[in-house]
Amino acid sequence: MDAFVIEGGRPIKGRLRVNGSKNACLPLMAATLLTDQPVTLRGVPRLADIANMQRLLAELGVDTGASVGDEAFAHLGPATLTAQPTGEAVSHARYEIVKTMRASISALGPLVAKRGEARIALPGGCAIGQRPVDLHLRGLEAMGAELTLESGDIVARAPKDRSGRRRLRGATIFLSGPSGSTVLGTANVMSAATLAQGRTIIEAAACEPEIADLAVLLNAMGARVRGAGTPRIVIEGVEALGGAEHHVMPDRIEAGTYMVAAAITGGRLTLENCPIDALLAFTDRLHEVGVRLEVTDAGDPLRATCEVWAGARIRPAHVTTQPHPGFPTDLQAPMMALLCLADGNSVVTEKIFPERFLHVAELSRMGASIFRQGPTAVVTGVSRLVGAPVMASDLRASACLVLAGLAADGVTNVHRVYHLDRGYERMEATLNALGARIERVDAKELDSSAQAAGA
């Protein structure tokens, strides 16, 4: 298991190109199950989650070529994947693969829609609180699917039409729960509805840009989807989908994370391929705390650039996570790292995943002053953070701790960075190229060295 050793106090400066979006790419890859024709995805990030989805698709009879996780391809930049059906119509997504990432559930809708049935293990993922899949199942059930739970697997079967073919039926579906709309649930139901009989209307759909990106691919494959990116999506079912080519949208969470890296270290960074229009709530809070942004070509996400730098002192702010277009929950932890150094008291309220505060205790080990009460944390800014050994609990908490380590005095050891590799492509190499000093080491060797020093 790897760890990062970070020498803090070095400003992040230079240029970087934002990679393709992990959160967009995984449902895009699952959508390739809807067709017997090849689908090509360009700008695919080289991440552990993408490699795991490749493994899952391979088991389900879709070949995507060499794994993006192969070390031989680690320095080649964004990948191009062509998903090619092999003719093996396997419909069982096993726990051994599904447990590695929650987005595996994205295969459920396409499998039921295309093959008439599916068996998929209940998913795993980050430990950030309860994230039930009931809305996914409610949507499929509304379209006529018969659902059962067998040995930890969700088993779904589409109803038979007059010809004996198993096919979902169009329906009107309300897709919101206690925490608002579900992004993966919307992706799942929208994908399934493309091959259903008749019209499907999704009310209270997730409005995230990743949903709109998925709709672009589905329509390129021959689907009839309109309204994606709004709370009401209408899908007219078609008999079959074909092949297509698609460029994955830039990763707005990666972009936001590196914006914070520049600000928290007193650096200056230019981001290319920056999806600034998908980050308006986040950049609004950056402006509030004194971070400066200069944007060019904002209307074209594949050309847009954003220069980021901070003033002499970070100001406090109130931050509340909300469904898009609100402040993204995935940027709550990185933003909190920045607020730890603000001149005053900040309030962070988490309305999507109320338990998503496991990074608070680790930031406190570095000298942060944070008081948490339920879904709200009050952050009292300190003059400096101090390097310390910390433990990452999930993907975005890992990024938060790396950011804190970049700004801290001394050395910070971040353990369990395998979480980080799920969502950031070679983060240490990216940051080192921009002036940071981060070493990836074997955690056992790091612990042995610490024990020897203590003796």
Filter result (over 14 Å from THR321 (Cβ atoms) and more than 18 Å from the chain's Cα centre (by Cα)) within segment 269-290: LEU269, THR270, LEU271, GLU272, THR283, LEU286, HIS287, GLU288, VAL289, GLY290
Wholly within segment 363-455, strands (runs of 3 or more DSSP E) carrying at least 1 residues that are farther than 23 Å from ALA317 by Cβ and among the aliphatic types (A, V, I, L, M): 389-391, 411-415, 438-442
Report every pair of residues separated by at least 6 positions or lying on different chains whose Cβ atoms are under 8 Å apart, first residue within segment 18-42 and closer than 21 Å to GLY423 by Cβ, second hydroxyl-bearing (Ser, Thr, Tyr) and in a strand (DSSP E or B). LEU41/THR80; LEU41/THR82; ARG42/THR80
How many residues does segment 46-56 hold that are in contact with a strand residue (DSSP E or B) (Cβ under 8 Å, 6 or more places away or on another chain) and either touching a residue at least 40 places away in the same chain (Cβ under 8 Å) or not assigned by TED's automatic domain parsing to the domain that holds ALA107 (or both)? 2
When you look at ILE233, is it among the β-branched types (Val, Ile, Thr) and assigned by TED's automatic domain parsing to the domain that holds VAL308, yes or no? no
Among the residues of segment 197-212, which ones are farther than 16 Å from GLN322 by Cα and either assigned to a loop (DSSP other than H, G, I, E, B) or without any contact (Cβ under 8 Å) to a residue 12 or more places away in the chain (or both)? GLY198
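Conditions tested, residue by residue: (1) more than 27 Å from the chain's Cα centre (by Cα); (2) surrounded by 24 or more Cβ atoms within 10 Å (Cβ to Cβ); (3) in contact (Cβ under 8 Å) with a residue 24 or more places away in the chain.
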position	(1), (2), (3)
GLY374	no, no, no
VAL379	no, yes, yes
CYS400	no, yes, yes
LEU420	no, yes, yes
ALA429	no, no, no
ARG440	no, no, yes
So is GLU239 surrounded by fewer than 17 Cβ atoms within 10 Å (Cβ to Cβ), of a type in the set (D, E, K, R) and farther than 27 Å from LEU168 by Cβ or not? no
Please specify each residue of segment 311-335 satisfying the condition of being more than 18 Å from the chain's Cα centre (by Cα) and touching a residue at least 12 places away in the same chain (Cβ under 8 Å). GLY311, ARG313, ILE314, ARG315, PRO316, ALA317, HIS318, VAL319, THR320
By residue number, the members of segment 331-349 that are surrounded by fewer than 23 Cβ atoms within 10 Å (Cβ to Cβ) and within 27 Å of SER176 (Cα to Cα) are VAL347, THR349
Can you say whether ASP277 is closer than 22 Å to PRO27 by Cβ and acidic (Asp, Glu), as far as the supplied structure shows? yes
Which is over 15 Å from the mean Cα position of the chain (by Cα) and under 30 Å from ASP409 (Cβ atoms), of GLY69, GLY8? GLY8
Among ASP409, ASP442, which is assigned by TED's automatic domain parsing to the domain that holds THR349, over 30 Å from GLN322 (Cβ atoms) and touching a Lys or Arg at 6+ places or on another chain (Cβ under 8 Å)? ASP409
Subset of segment 149-177 [part of a strand (DSSP E or B) and more than 30 Å from ILE352 (Cβ to Cβ)]: GLU150, ARG157, LYS160, ARG166, ARG169
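This table checks each residue for (1) assigned by TED's automatic domain parsing to the domain that holds VAL382; (2) modelled with pLDDT under 95; (3) of a type in the set (Phe, Trp, Tyr); (4) under 17 Å from ALA407 (Cα atoms).
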{"site": "ALA262", "(1), (2), (3), (4)": "yes, no, no, yes"}
{"site": "ASP300", "(1), (2), (3), (4)": "yes, yes, no, no"}
{"site": "ARG303", "(1), (2), (3), (4)": "yes, yes, no, no"}
{"site": "ALA317", "(1), (2), (3), (4)": "yes, no, no, no"}
{"site": "GLY326", "(1), (2), (3), (4)": "yes, no, no, no"}
Entirely in segment 218-307, the strands (runs of 3 or more DSSP E) that have 1 or more residues that are among the acidic types (Asp, Glu): 232-236, 244-247, 268-272, 291-296
Just the residues that are among the hydrophobic types (A, V, I, L, M, F, W, C) and either in contact with a Phe, Trp or Tyr (Cβ under 7 Å, 6 or more places away or on another chain) or within 18 Å of GLN322 (Cα to Cα) (or both), please, taken from segment 352-379. ILE352, PHE353, PHE357, ALA377, VAL378
Being of a type in the set (A, V, I, L, M) and either in contact with a Gly (Cβ under 6 Å, 6 or more places away or on another chain) or surrounded by fewer than 17 Cβ atoms within 10 Å (Cβ to Cβ) (or both) narrows ALA298, ALA304, ALA261 down to just ALA298
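The values are calculated or read from the model by the stated rules, or taken from the named source; none is laboratory data. Everything numeric in this text was worked out from a predicted model, so none of it was measured. Because the Cβ atoms are built from the backbone with ideal geometry, glycine has one as well, and the counts that use them run over all protein chains shown.
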